[in-house]
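Okay, structure first, notes after.
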Amino acid sequence: MHGPASSGWLLVALCAATGVYCLLRMRSGVEEQRSAAGGEALMGFGMAAMAVPAAVFTPPAWVWPGYAVVFGAAGLRALWAARSGRHHLHHLVGAAAMVYMAVAMTGSPAHAHAHGTSGTPVLTGALLLYFTGYVLLTGVRLIPVVAVAGGGAGAPPVPAPDGGPGAGGRAETGWGDRPELARACRLSMAIGMLAMLLPL
């Protein structure tokens, strides 16, 4: 999981910043938004701690089973929440990836820190495919729609992406409830997950 120190610190910074933003999103007035943001904050901070370069800090052996238990519980919570919405399945896959990395580190922590080759190739490949697809799809969804092809007089209006005026007359949402910011947060974590899975 741990590569060169400079890339490790960049990954720590990305994941920690994402975790902080998700904590701020927990102040939302929407229950579903708060719940999702809490799980994403846990994921961001967990990834940041896991990405700390081994040259700086090598955690004791008991940390990795602890990670597996915490993210196993987060995965069960996401599985339970998936009854009400498919987007929780992504949280389930993320938690499963964290459990997988923690188990790989538990199996041979010294070897994994030094070389990062302790995972199962098939499972690592499947997770890499999933997160690569997620990054590409989410990246495309974040591209703003500037104009509708063939738009002109009489063309239907394009709804505002932030759900503000022009999107069915709804009141403007707070910055923490903006869907494009939540997607950017998940995109950042998926990129971080790819970076952590690649050395496995």
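The values are calculated or read from the model by the stated rules, or taken from the named source; none is laboratory data. Computed from a predicted model, the values in this text were never measured in an experiment. Positions of Cβ are generated from backbone atoms using ideal geometry, with glycine treated the same way; all protein chains shown enter the neighbour counts. Accessible surface is based on the protein model in full, side chains and every heavy atom, while ligands, DNA and RNA are left aside. Shrake-Rupley method; radii C 1.70, N 1.55, O 1.52, S 1.80 Å.
Ordered from highest to lowest accessible area with the whole protein assembly present and a 1.4 Å probe, 136, 127 read as 136, 127. In segment 4-124, taking the dipole from charged Cβ atoms about the Cα centre, the farthest positive-side position among 35, 106, 10 is held by 35. For residue 40, the shell of other residues with beta-carbons less than 12 Å away shows a net charge of +4, using +1 for Lys and Arg and -1 for Asp and Glu.
Within the full protein context, the accessible area of residue 9 is estimated at about 110 Å² for a probe radius of 1.4 Å.
Over segment 2-96, with every protein chain in place, what whole percent of the accessible area is carbon and sulfur at 1.4 Å, could you tell me? If you can, show how the numbers build up before the last one.
Numbers: 3620 of 4930 Å².
Carbon plus sulfur share of accessible area: 74 percent.
Summing charges over neighbours of residue 187, with a neighbour being any other residue whose Cβ is under 13 Å away from its Cβ, gives +1 when K and R count +1 and D and E count -1. The heavy atoms of residue 34 offer some 80 square angstrom of accessible surface to a 1.4 angstrom probe.
Each residue was assigned an accessible area with a 1.4 Å probe, and for residue 32 the value is about 80 Å².
If you take every residue apart from residue 93 with its C-beta less than 12 Å away from the C-beta of residue 93, what net charge results, scoring Lys and Arg +1 and Asp and Glu -1?
Working: positive: 86, 186; negative: none.
With Lys, Arg at +1 and Asp, Glu at -1, the neighbours total +2.
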